[in-house]
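A quick write-up on the structure given underneath.
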Amino acid sequence: MSDFKHESDNSKDYKPVILITGCSSGIGLALAKLLIEKGDYRLILTAREGSLKRIREGGVSESDSVRIWPLDLNSMQSIDSFFSKLHLDWNVIDILVNNAGISYRGVVEHMDPDSELHQMQVNYLGPMALIRKTLPSMRRRGRGKIINISSVSGMLAMPTMSSYSASKYAVEGASEALWYEVKPLGINVCLVQPGFVNSNSFKNVYFSESSHPKGRGTFYKDYYDSMEPFVAKVMGLTTTTPEKVAKKVYWAIQKQNPPLRIPASPDAVFFYYLRRLLPRRLLHHVLFWMLPGSVRWAKQYTNKRPQAFIRRILRSVGIG
Ligand SMILES: NC(=O)c1ccc[n+]([C@@H]2O[C@H](COP(=O)([O-])OP(=O)(O)OC[C@H]3O[C@@H](n4cnc5c(N)ncnc54)[C@H](OP(=O)(O)O)[C@@H]3O)[C@@H](O)[C@H]2O)c1
């Protein structure tokens, strides 16, 4: 039985209610299965309407303590009707796990306002709306837990993933502020930060019109051509599975006072320390040279500056 459960309710039969978003695959589905196996909680497992069948196909079915409900983070109407339904049923959320997320692939120049908004809506604005809807009752009861699934991309950005990184940095910043705001009210806030996870989610990436393989032109070709196979390869090689990340989330659910940030994979730990130990000026140069193919990227342009620099030196010593 979890610390949280003992702490949060006087009735020994009380099962805390956990809402998890994005349960149709990956980490959300793995977490749902793990929590069902534990049996200590009432679960509301959500996904977009069209994806609900994938939760069931994933081996999860409804029961007295499991609800499978639609919730689209890209639609305020869907969020409102979710909460109307909740009020007619269990009427409470003890633990909110903001897991659902999407990832756009595109260099900054190829993104557009609609794509940026879609990315922010699902990864940041939607989760924030859920937090705002959930907080009043947590506040009244003087307890609750909000777990946001962030990413290494919320501590370090990668080329071609600007918008995704921005959404995760936004989640990190807001969660940090929230931690201060609700800690005195008995509510925990936690960021779980996976690095690369061995899953299919790199196949589910979104593209803006200009970043789509068919419409991106040639200028940033080297960047995409290097980053795409690199990400796919690392995701295929890593030993971090959705199940392992789900265990980290479960640890945060059980822990009475979990830390604000929980790196959830060995690479997340590595990048956490790299970022802390290397001076920032050095950090980004080191990471640039570590990126696959970066030496080649836009070589014909970036070469101009070193050449001009060398010419200046030669002129200053009277040569050339
Ligand atoms: N996989 C990784 O390498 C990795 C690394 C670091 C962080 N993360 C983070 O971990 C979380 C889970 O990722 P994952 O790898 O498990 O991804 P995933 O397998 O692609 O699952 C993402 C989930 O989000 C749902 N979703 C997408 N759009 C939605 C919307 N508008 N409203 C509600 N739900 C929506 C998806 O449902 P549909 O079936 O309807 O699309 C799916 O259930 C994300 O926040 C992600 O950013 C993942």
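None of the figures in this text is laboratory data; all of them are computed from the coordinates on show. Model, not experiment: these values are computed from the prediction. Ideal geometry is used to build each Cβ from the backbone, glycine not excepted, and the neighbour counts take in all protein chains shown.
Can we say Val205 is over 16 Å from Ala268 (Cβ atoms), within 16 Å of the ligand (Cβ to nearest atom) and either crowded, with 16+ Cβ neighbours inside 10 Å or among the polar types (S, T, N, Q) (or both)? Talk me through it step by step, then tell me what you get.
Numbers: over 16 Å from Ala268 (Cβ atoms): yes; within 16 Å of the ligand (Cβ to nearest atom): yes; either crowded, with 16+ Cβ neighbours inside 10 Å or among the polar types (S, T, N, Q) (or both): yes.
Spelling it out, Val205 is indeed over 16 Å from Ala268 (Cβ atoms), within 16 Å of the ligand (Cβ to nearest atom) and either crowded, with 16+ Cβ neighbours inside 10 Å or among the polar types (S, T, N, Q) (or both).
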Segment 198-217 residues that are in contact (Cβ under 8 Å) with a residue 40 or more places away in the chain and over 9 Å from Gly106 (Cβ atoms), paired with ones that are more than 16 Å from the ligand (Cβ to nearest atom) and not aliphatic (A, V, I, L, M) (beta carbon under 6 Å, 6 or more apart)
Glu209/Gly215
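Quick one: which helices (runs of 4 or more DSSP H) lie wholly within segment 222-302 and hold at least 1 residues that are out of contact with any helix residue (DSSP H, G or I) (no Cβ under 7 Å at 6 or more places or on another chain) and closer than 25 Å to Gly144 by Cβ? Show your work before the answer.
Working: elements: 242-254, 266-277, 280-290, 299-302.
Filter on segment 222-302 gives 242-254.
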Consider only pairs whose beta carbons are under 7 Å apart and that are at least six residues apart or on different chains; among these, list those whose first residue lies in segment 239-263 and is farther than 20 Å from Lys168 by Cα and whose second residue is of a type in the set (Phe, Trp, Tyr) and away from the ligand (no atom under 11 Å from the Cβ).
Ile253/Phe4; Gln254/Phe4; Gln256/Phe4
Of the residues that make up segment 246-259, is at least one hydrophobic (A, V, I, L, M, F, W, C), closer than 21 Å to Ala157 by Cβ and touching a strand residue (DSSP E or B) at 6+ places or on another chain (Cβ under 9 Å)?
no
